[in-house]
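The values are calculated or read from the model by the stated rules, or taken from the named source; none is laboratory data. Keep in mind that this is a model prediction, so the values were computed, not measured. Virtual Cβ from ideal backbone geometry, glycine too; neighbours counted across all protein chains shown. Note: areas computed on protein heavy atoms with side chains; ligands, DNA, RNA excluded. Shrake-Rupley method; radii C 1.70, N 1.55, O 1.52, S 1.80 Å.
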Amino acid sequence: MIRVFDIPLPLVFSQEQLKHAAAQRLAVRPDAIAKIALHRLSVDARKKDLIQFICAADVTLHTDEEQVYHRLMATKKGGQNGKKKVELVKPYEYILPKTAPLPQRPVVIGCGPAGLFAALVLAQAGQRPLVLERGRDVDRRTRDINRFWQDGTLDTRSNVQFGEGGAGAFSDGKLNTGIKDSRCRKVLEELVRAGAPEEILYRAKPHVGTDLLRNVVKNLRGEIQRLGGEVLFETQVVGLLRDAKGLCGLEIKGPQGQQILDTRHAVLAIGHSARDTFAMLHDSHILMEQKPFAVGVRIEHLQSNIDKAQYGRFAGHPSLGAADYKLAVHLRDGRGVYTFCMCPGGYVVAAASEMGHLVTNGMSQHARDGQNANSALLAGVDARDFGSDHPLAGVKFQRSLEQSAFLLGGGGYRAPVQRLEDFLNHRASTALGEVTPTYKPGYTLCNLWQCLPFPIAQALSQGVVMLARRLRGFAHPDAVLTGVESRSSSPVRILRDFSFQSSVLPGLYPCGEGAGYAGGIVSAAVDGIRCAEAVLQNGTGVV
């Protein structure tokens, strides 16, 4: 198979146009192509008067592919300026490690992306994993969350942070990642098998959308169960048992009360908001350290304005959909300010998991057809902000920020909201402009400087002006800021060694975003796969 790169295509193109463009690049007749499929499709919006797609395609020829490839590499068509335009590739195939049954059933703690994919690989390897999830299944969880968004009734066991699918199940379902790991393809293919749109296999910025992601999560669980795995909901790990060899069991609390579960291998995929579990691990002398993260607010604009800024006269073209953005700057003091988890046509959502704490996140449906665009607007924080070198000082910092936002919002999980122009001028908002906040169950106009630490508010005010130089209209006076975004990533890193195990408790595999080793659905899922492979390699089941 030959992969052909950098093929320009119009915003509306046919399979025949793709085939002819690839044939021209390969210097073969179109009828020499037996099969062609998109490998990657991205939007080239650098020239606002000529927006087009740039794609890579995988081509199977009727003729000798190696001969065609080597002929091309001897010409300018094969590459230019040191960049290959064609490449010989093999179809991706994930190969499971060959294993015998482990002496004891492996346990996966957490049912977010890392936990689900760790369990899936263990199940595919015939190990019948037991998955423990402190929250509820995705259907009941959805009902709990909708009730919270409607009337402010928070269930601390079942919310945007806790439950089947993890926090990512109630987000945009973005699947783009910065990691370079072939397992990313395994993740995407499994998601498609579970019901995600096939376009995620080739879109440069793939997303599923929270409306579709819920069924995908259920189908992944169903596959784990079909292969012999088991999932226990509303079951939390509250203690670790050890002997001379390492981990020998877990103390769990669930519907049947407190009990002991024997195991030698546990993948710890608890997510970034399991603060009580972080405390239990620290009390159990599991090594962990502070990890820098970022906090701030959600910023909302009219999606139509973002479309115009990014696509010019092509804004609204059905092939383009809602435009996104990703912006970052560094301030003079070295603090970074950036946008994160941008949700085109999405909604700002209540994401608290503790009573009396106000937390926001972003979400969008697959269609991304909401009136507003929103993104986290964040400033980096570290030990200088925490005021302590304690491993859990970042958690304490988050909690303080969330409690201040809850009080400023007036209680009832109403969010503090401010027009951007008012924020930049340090004055409370008394009215809104063209942007209406999407946050539910409600909001209170205020001055966000009263709940944000001064260094953070100052960094955001400086950063938003600088970011506006990179995206026209980003500092629109009527843009809306909703506080606070405090759960962008884990505030701790649970240390592990080269074998993916805790160095002080062999058999415990810190994993995913909560353990500080991933950031996003795909990277967390990949880390889950890697930890599952480590379980298979470190156990006595490897043959």
Practice task
Quick one: grab the alpha carbon gyration tensor of segment 64-147, order the square roots of its eigenvalues as a ≥ b ≥ c, and give me rounded if a/c is under 1.5, else prolate or oblate depending on whether a/b is larger than b/c.
Solution key: oblate
Handout entry: Area of F423 that stays accessible when all protein chains are in place (1.4 Å probe, Å², to 10)
Key = 0
Exercise for the section: Round to the nearest 0.05 the FRET efficiency obtained for I179 and A367 when R0 = 22 Å and r is the Cβ-Cβ distance. Expected result: 0.20
Exercise for the section: Taking only protein heavy atoms into account and a 1.4 Å probe, give the accessible area per residue of segment 439-543 in Å². Expected result: 34
Exercise for the section: Please work out the Cα center distance from segment 359-400 to segment 16-32, rounded to the nearest Å. Expected result: 48
Completion exercise
Residue span K35 to E434: 0.36 nm per residue of separation minus Cα-Cα distance leaves a gain in nm of 138.7 nm
Completion exercise
Straight-line reach check, K245, cutoff 26 Å on alpha carbons, 8 or more apart in-chain or any other chain, hits among lysines -> K98, K253
Handout entry: Which of I521, I179, I7 is most accessible, then next, and so on - probe 1.4 Å
Key = I179, I521, I7
Handout entry: Protection proxy ranking of 302-311, 501-510, 159-168 - average other beta-carbon atoms within 10 Å, highest first
Key = 159-168, 501-510, 302-311
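Assuming R0 = 25 Å, what is the FRET efficiency of D382 and K326, from their Cβ-Cβ distance, to the nearest 0.05?
Efficiency, rounded to the nearest 0.05: 0.70.
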Exercise for the section: With r as the distance between the Cβ atoms of T75 and D6 and R0 = 22 Å, compute the FRET efficiency 1/(1 + (r/R0)^6) and round to 0.05. Expected result: 0.90
Completion exercise
Excluding ligands, DNA and RNA, the carbon-plus-sulfur percentage of the accessible area of segment 439-543 with a 1.4 Å probe reads 52
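Assuming a ≥ b ≥ c are the square roots of the Cα gyration tensor eigenvalues, decide whether segment 296-426 counts as rounded (a/c under 1.5), prolate (otherwise, with a/b larger than b/c) or oblate.
Here segment 296-426 falls in the prolate category.
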Problem - Stretchable slack from E230 to E65, in nm (0.36 nm times residue separation minus alpha-carbon distance) - result: 54.8 nm
Exercise for the section: For the chain, just give the cysteines left without a disulfide-compatible partner, judged by no other Cys Cβ under 4.7 Å. Expected result: C55, C111, C184, C248, C341, C343, C446, C451
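From the alpha carbon gyration tensor of segment 167-326, can you work out the equivalent ellipsoid semi-axes (sqrt of 5 times each eigenvalue) and give them in Å, largest to smallest?
So the three semi-axes of segment 167-326 are 39, 21, 15 Å.
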Handout entry: Accessible carbon and sulfur surface of segment 122-193 relative to its total accessible area, %, 1.4 Å
Key = 43
Problem - Taking the chain and dividing mean pair separation by its residue count, relative contact order in percent (alpha carbons under 8 Å, at least six apart) - result: 18
Exercise for the section: Measure out, as a whole number of angstrom, how far apart the alpha-carbon centroids of segment 87-102 and segment 232-286 sit. Expected result: 31
Exercise for the section: Please give the contour-minus-distance gain from N215 to R143: 0.36 nm per residue of separation, less the Cα-Cα distance, rounded to one decimal in nm. Expected result: 24.5 nm
Completion exercise
Note, K291: beta-carbon cut-off 9 Å, +1 each Lys/Arg, -1 each Asp/Glu, net -1
Fill in the blank from the handout: The distance between the Cα centres of segment 136-163 and segment 201-215, in whole Å, is 22
Completion exercise
Per the helix-only model, the chain has a calculated mean residue ellipticity at 222 nm (DSSP H runs of ≥4, -39500 (n - 2.57) each, divided over all residues, rounded to the nearest 500) of -8500 deg cm²/dmol
Handout entry: H366 accessible area, assembled protein chains, probe 1.4 Å, Å²
Key = 50
Practice task
Return the carbon/sulfur percentage of the accessible area of segment 198-326, one whole number, probe 1.4 Å, all protein chains in place.
Solution key: 47
Problem - Beta bridges per DSSP with both ends in the chain, % antiparallel, nearest 5 - result: 80
Exercise for the section: Could you tell me which of rounded, prolate or oblate describes segment 321-386, using a ≥ b ≥ c as the square roots of the eigenvalues of the alpha-carbon gyration tensor, with rounded for a/c under 1.5 and, failing that, prolate when a/b is larger than b/c and oblate otherwise? Expected result: oblate
Fill in the blank from the handout: segment 70-228 accessible area per residue, 1.4 Å probe, protein heavy atoms, integer Å², reads 45
Handout entry: Computed accessible area, K253, all protein chains, 1.4 angstrom probe, square angstrom
Key = 100
